[in-house]
1. Relative to the first principal axis of the alpha-carbon coordinates of the chain, what is the inclination of helix 254-267, with its axis defined by its Cα atoms, in degrees from 0 to 90 and to the nearest 10?
2. Could you give the Stokes-Einstein D for segment 80-216 in µm² per second, using the C-alpha Kirkwood radius, 4 °C, 1.567 mPa s?
3. Principal axis extents for segment 6-50, Cα atoms only, whole Å, descending order, please.
4. Can you return the lysines within cross-link range of Lys123? Criterion is Cα-Cα under 24 Å, with same-chain partners fewer than 8 residues away left out.
5. Let me check something: with ligands and nucleic acids excluded, how do Val16, Val231, Val190 order by accessible area (1.4 Å probe), largest to smallest?
6. Using Cα Rg over 2.2 N^0.38 Å as the read-out, say which of (1) 1.18; (2) 1.09; (3) 0.97 was calculated from these coordinates.
7. Ranked by accessible surface with a 1.4 Å probe, highest first, in what order do Leu189, Leu203 come?
8. Fully extended, how many nm does the chain gain between Ala131 and Thr216 (0.36 nm per residue separation, minus their Cα-Cα distance)?
Amino acid sequence: MSTSEATARQESRGAVELTAAMLLSGTLGVFVVESGASPFNVVFYRCVFGTLFLGLYCLIRGFFKNHGFTAKKLGLAALGGVFIVFNWAFLFESYSSTSISVATVVYHTQPFFVVMLGALLFKDRITAHKAGWLLVAFLGLILVAGVSTSDLSGGSSYLVGLGYALLAALFYGLSTIITKRVTGVKPHLVALVQVLLGIPLLLPFTQLDQSADFGTGWAWLVGLGFIHTGVMYVLMYSSYQKLPTSKIAVLAFVYPAAAMICDWAVYGHHVTWTQALGIPLIVAASLGINLGWRPRLRAASTSASDSDTSTPAQPTPAARKRTTV
């Protein structure tokens with residue numbers, strides 16, 4: 001088998017893995033709602049069962065040997081974990097006030113928070129094309145939010161739900177820019193540190209006395225830990241090693257699409273026409289940020305007239321090129 005064939009096969013396998021991971025992500029909201037537990041209880045038990053799965057997986061794969069952690073890297077992983085577990089809590093809280101569909105699409109403004117936080121905290125430059133995509137995303141967000149005049153009245157739970165989804169996206173962005181600085185460590189180990197930290201971190205917010213009333217909800221909570229924090233992460237991290245950034249960015253949108261289908265199929269929720277107009281704007285803006293899309297303008301060609309003839313001069317090769325703005 002040639003190198004190109006092996007690479008193509010690896011990419012195909014990675015695409016299947018990431019698609020499966022995003023499809024699993026799309027069912028996350030259903031598991032949360034069907035568990036019947038409060039958001040903080042859900043996240044707490046997700047951390048408990050996720051720790052069991054990831055800990056066993058890392059042990060079997062031998063990741064604890066030569067783990068690569070230093071005190072600084074461990075501290076950064078833990079700090080990222082603080083933001084990631086509260087990001088889950090706020091996202092799950094937003095489901096009940098809005099819908100799984102709206103909350104998930106609003107939550108997918110994460111890339112823009114990463115860009116803005118990078119500029120604010122690390123002085124990363126926001127280029128003109130990134131600023132343009134941020135504006136497109138903001139317009140899409142306004143349409144997807146679907147806020148009516150009645151929602152602007154005091155005590156609107158819908159606006160609170162949108163706020164929770166945006167706060168979750170902000171916390172995810174903070175976790176991303178912190179965790180990406182943990183280099184030389186298996187991502188499975190970083191995830192394990194974060195969910196393990198979530199257990200004592202969320203304990204004060206967890207109502208353990210309600211656990212006896214979960215009933216069949218326990219099955220959904222175990223699923224969140226084993227499937228959405230175990231299997232899903234393993235598939236996702238495996239695919240990242242096989243795929244270029246462009247394919248990862250595109251396939252990531254299987255998640256909100258699957259979430260909207262699940263929300264419609266299970267709960268009968270669907271987005272309005274106005275919200276449907278905003279979704280492609282957020283999708284396009286996210287892809288534009290992740291893939292570095294820039295508008296291209298055809299360079300104007302200037303022709304010089306020959307003083308002795310009326311035949312126009314041929315454009316130069318440079319004039320035929322497309323210029324990136």
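The values are calculated or read from the model by the stated rules, or taken from the named source; none is laboratory data. All values reported here derive from a predicted model rather than from experimental measurement. Ideal geometry is used to build each Cβ from the backbone, glycine not excepted, and the neighbour counts take in all protein chains shown. Note: areas computed on protein heavy atoms with side chains; ligands, DNA, RNA excluded. Shrake-Rupley method; radii C 1.70, N 1.55, O 1.52, S 1.80 Å.
1. That works out to roughly 50 degrees.
2. Approximately 77 µm²/s, per Stokes-Einstein.
3. 46, 19, 10
4. Lys72, Lys73, Lys180
5. Working: Val16 100, Val231 60, Val190 10 Å².
If we order Val16, Val231, Val190 from most to least accessible, we get Val16, Val231, Val190.
6. Structure-derived value, by its label: (1).
7. From most exposed to least exposed: Leu203, Leu189.
8. 25.9 nm
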